[in-house]
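Please treat every number below as a calculation from the coordinates, not as lab data. Just so it is clear, the structure is predicted and the values come from calculations on it, not from any experiment. Positions of Cβ are backbone-derived with ideal geometry, glycine not excepted, and every protein chain shown enters the neighbour counts.
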Amino acid sequence: MSKNHNESFEEFGSDNVAQSAKKFEDMIQNNESHYLDEVTYESLSNFYIESGRWDLAEKACLLGLENFPYSLELLLNRAQLHVNLLEYEDALELLDRATTFYPSDQEVSYMRGIVLNLSGDYDGALEILNSALSLSDEKEEIYFQLAQTYQNKNEFDMATENYKMAIELGYSNELVYYELVFCMDFQNLLEEGIPYFRSLTDKDPYSYLAWFGLGIATSRLKMYDEAIKAFDFSVVIKDDFASGWFNLGHSQMNVNNHEGARDAYLKTLELENSSAEVLTYIGASYEKLGDTSNALKYYKEAADLEETWEEAWYGMASVLFEQEKFLEAIHFAKKATKINEFNSDYWLLQADIESRLGNIVSSIEAYNQASTLDPENIDIWLNWSLLYFEQEDYQKAFEIIYEAIQQVPDEADLHYRATVYLIFDGSYNEAYKYLQDGLSLDFASHEQIYEFFPNLKTQKALHRIIEQYR
């Protein structure tokens, strides 16, 4: 790097950090060298880490440490960069160096505990974090990291206890509620833990995080009405709480309030950087509302933003399939299965589209793939059998359903469909057996049979047989 000490950055550190970053990048690009003070290097490294520009953060740390080798913040930031890249040994080496200069610094010990946890040395992490607990002024942070370590160690009871301690001491990140709910649910303790979450809102009814925690817990238990109320309180208290709006959208979707879900997701989009996930959920809510134009718009935006976001491609394929635009739909369905070949829903949709296009061999291959991945999804078997039924190959259609019944014998819909195919095949005695099984499993669902027999005379004959069973 060429030296040019005549031009100094006397005002560098006093500029806005974004302006300072621009000057720093120009300096790097032009292969120049200017004097920057320690605070500027530290500010730049923080700025680049927060914005996800790790290569420039690394350069700021390296250049800064060349001039200020004892800068604790630069050492910690460089260690953080190694953690981001999963380079835990390198991170620990930097922390050793920092300990040499600052043997009693709690931030160094705290970070060492986190790195040991991430590297799988859980006992070492617990030892350091427990030692730091008595000395730290931010005990809620230590309890959270202790909980994370116990969780990684599969000691969910201890993780639960430490997450609760972090909450009691005012830990202010919503992640603690996600993790606590996960641990309680894993131990089958979530239902009996609901009074705990309600007690948090009783204790502090103006805490948006307490209401958020109650919402997360009740939504996990599919208590969606209570979850909606909890998330509503959360975002009323803190209108710019993106996670509250996002989860409110999920709960609204689960009670089929698609308009409410759409509004909540759109609000989320206003509050945080655009993401493929949020855009896809907006697309899904529009799809449920029948607004295919906006559904396609948001699915496309999601795919453009993140090409490997499979749900966006699947969403576009689904909308186009419903519009009977099969040639367009198959392109997007294949994109989804290419990205994720282990999702049975993607293969099912691809199979349905291939079937409508008349690509029988490709359709069968896709149905077979879907059934292998999820043999208990009866829609796969029902749709697959229809392929043969429409070709008037009733025996093969029955064989598909017979295989499905071996997988899920208690699904009435399968027995009713077997009845239909056997009647068309002329196997009436066997059809009667499957009809009895279907009626025994779910009498009310028998009316689906009539859809296959538009002839009124046939319907009456079936009705007489079914009424005898009642």
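From the C-alpha gyration tensor of region 276-435, pull out the three semi-axes of the equivalent ellipsoid (sqrt of 5λ each), sorted largest to smallest, in whole Å. Could the numbers behind the result be given before it?
Numbers: eigenvalues 224, 42, 39 Å².
Whole-Å semi-axes of the equivalent ellipsoid: 33, 14, 14.
Scattering from the C-alpha atoms of region 66-133 alone, worked out with Debye: what is log10 I(q)/I(0) at q = 0.21, 0.23, 0.27 1/Å?
Ignoring solvent entirely, the Cα scatterers give -0.81, -0.96, -1.23.
Give me the number: length gained by fully extending Ser134 to Leu456, i.e. 0.36 nm times residue separation minus the C-alpha to C-alpha distance, one decimal in nm. It would help to have the intermediate numbers written out before the result.
Details: separation 322, 0.36 × 322 = 115.92 nm, distance 8.18 nm.
Extra length from Ser134 to Leu456 when fully extended: 107.7 nm.
Report, largest value first, the span of the C-alpha coordinates of the chain along each principal axis, in whole Å.
99, 53, 41
Report the paramagnetic label zone for Glu191: residues of region 207-232 whose backbone N is under 13 Å from a point 7 Å from Cα along the Cα-to-Cβ axis.
Within reach of a label on Glu191, which here means backbone N under 13 Å from a point 7 Å along Cα→Cβ, region 207-232 contributes 221-223.
What's the FRET efficiency of Thr99 with Glu50 using the Cβ-Cβ distance as r and R₀ = 25 Å, to the nearest 0.05? Numbers along the way, then the final one.
Values: r = 25 Å, r/R0 = 1.01.
Between Thr99 and Glu50 the formula returns 0.50.
To make sure I understand, if each residue's beta carbon is the centre and we count other beta carbons within 10 Å, what order do Lys238, Lys325 fall in, fewest to most? Display every interim value, and only then the final one.
Values: Lys238 17, Lys325 13.
Ascending number of Cβ neighbours within 10 Å: Lys325, Lys238.
If R₀ is 51 angstrom, what is the calculated FRET efficiency for the pair Glu107 and Gln407, using the beta carbon separation as r and rounding to 0.05?
Working: r = 56 Å, r/R0 = 1.09.
The formula returns an efficiency of 0.35 here.
About the Cα centre of region 1-103, what is the dipole size in debye to 20, counting +1 per Lys and Arg Cβ and -1 per Asp and Glu Cβ, all else neutral?
On the way: 7 positive and 20 negative charges, 14 e Å.
Approximately 60 debye in magnitude.
Which net charge results for the neighbourhood of Lys288, defined as the other residues with beta-carbon distances under 11 angstrom from its beta-carbon, given Lys and Arg at +1 and Asp and Glu at -1?
Values: positive: Arg262; negative: Glu259, Glu287, Asp291.
Taking every other residue near Lys288 into account, the sum is -2.
Can you tell which of Ser362, Tyr394, His463 lies farthest toward the positive end of the dipole of region 354-470, using +1 and -1 charges on the Cβ of basic and acidic side chains (Lys, Arg; Asp, Glu)?
Value: His463.
Based on alpha-carbon centroids, what's the gap between region 55-103 and region 353-386 in Å, whole number please?
54 Å
Need the list of lysines near Lys153 for cross-linking: C-alpha distance under 29 angstrom, and skip anything on the same chain fewer than eight residues off.
Filter leaves Lys139, Lys164, Lys222.
Could you state the angle between the C-alpha long axis of helix 72-84 and the longest principal axis of the C-alpha atoms of the chain, as a value from 0 to 90 degrees rounded to the nearest 10?
20 degrees
Using only Cα atoms, find the angle between the long axis of helix 175-186 and the longest principal axis of the chain, and express it within 0 to 90 degrees, rounded to the nearest 10.
With both axes taken from Cα atoms, the answer is about 50 degrees.
So if each residue of separation counts as 0.36 nm, and I subtract the Cα-Cα distance between Glu127 and Glu306, what length gain in nm does that give? Display every interim value, and only then the final one.
Values: separation 179, 0.36 × 179 = 64.44 nm, distance 4.09 nm.
Extending this stretch completely gives an extra 60.3 nm.
What is the Cα centroid distance between region 174-220 and region 274-346, reported in whole angstrom?
For region 174-220 versus region 274-346, the Cα centre distance is 33 Å.
Once you keep just the Cα pairs under 8 angstrom separated by 6 or more residues, what percentage relative contact order results for the chain?
Details: 598 pairs, mean separation 19.8, N = 470.
For the chain, the relative contact order is 4 percent.
Say the cut-off is 23 Å between C-alpha atoms; which of Lys288/Lys338; Lys238/Lys288; Lys297/Lys325; Lys267/Lys325; Lys22/Lys59 go over it? Let's see the in-between values first.
Values: Lys288/Lys338 25 Å; Lys238/Lys288 28 Å; Lys297/Lys325 16 Å; Lys267/Lys325 31 Å; Lys22/Lys59 14 Å.
Checking Cα-Cα distances, Lys288/Lys338; Lys238/Lys288; Lys267/Lys325 exceed 23 Å.
About its Cα centre, what dipole magnitude does the chain give when the only charges are +1 on Lys and Arg Cβ and -1 on Asp and Glu Cβ, stated in debye to the nearest 20? Please report the intermediate quantities before stating the final value.
Numbers: 34 positive and 84 negative charges, 298 e Å.
About 1440 debye.
Which Rg and Dmax, in Å, describe the Cα atoms of region 1-103?
Rg then Dmax for region 1-103, in Å: 13.7, 40.
Can you pull out the chymotrypsin sites (Phe, Trp or Tyr not before Pro) in region 312-400 whose DSSP state is coil and whose Cβ has at most 15 other Cβ atoms within 10 Å? Don't jump to the answer; show the numbers that get you there.
Details: sites: Trp313, Tyr314, Phe321, Phe326, Phe332, Phe342, Tyr346, Trp347, Tyr367, Trp381, Trp384, Tyr388, Phe389, Tyr394, Phe398; in loops: Phe342.
Hits after loop and neighbour filter: Phe342.
What aspartates and glutamates could a cross-link reach from Lys457, if we take a straight Cα to Cα line under 17 Å and drop same-chain neighbours fewer than 8 places away?
Glu447, Glu467
Relative to 2.2 N^0.38 Å, what does the C-alpha radius of gyration of region 357-470 come to as a ratio? Two decimals please.
Numbers: Rg = 14.2 Å, N = 114, 2.2 N^0.38 = 13.3 Å.
Computed over Cα atoms of region 357-470, the ratio equals 1.06.
Where does each of Thr268, Thr40 land when they are ranked from fewest to most other beta-carbon atoms within 10 angstrom?
Thr40, Thr268
Report, in deg cm²/dmol and to the nearest 500, the calculated mean residue ellipticity at 222 nm for the chain, where each DSSP H run with n ≥ 4 adds -39500 (n - 2.57) and the sum is divided by the residue count. Write down the numbers at each step before the final one.
Values: 26 runs with 347 residues, N = 470.
Helices in the chain give a 222 nm mean residue ellipticity of -23500 deg cm²/dmol.
Taking the Cβ of Ser172 as the centre, find all other residues whose Cβ is under 12 Å away and add up their charges (Lys, Arg: +1; Asp, Glu: -1).
Details: positive: Lys238; negative: Glu138, Glu140, Glu141, Glu174.
Here the count lands on -3.
Among Leu63, Thr100, Gln145, which residue has its Cα furthest toward the positive end of the charge dipole of the chain, with +1 on Lys/Arg Cβ and -1 on Asp/Glu Cβ?
My answer, from the dipole projection, is Gln145.
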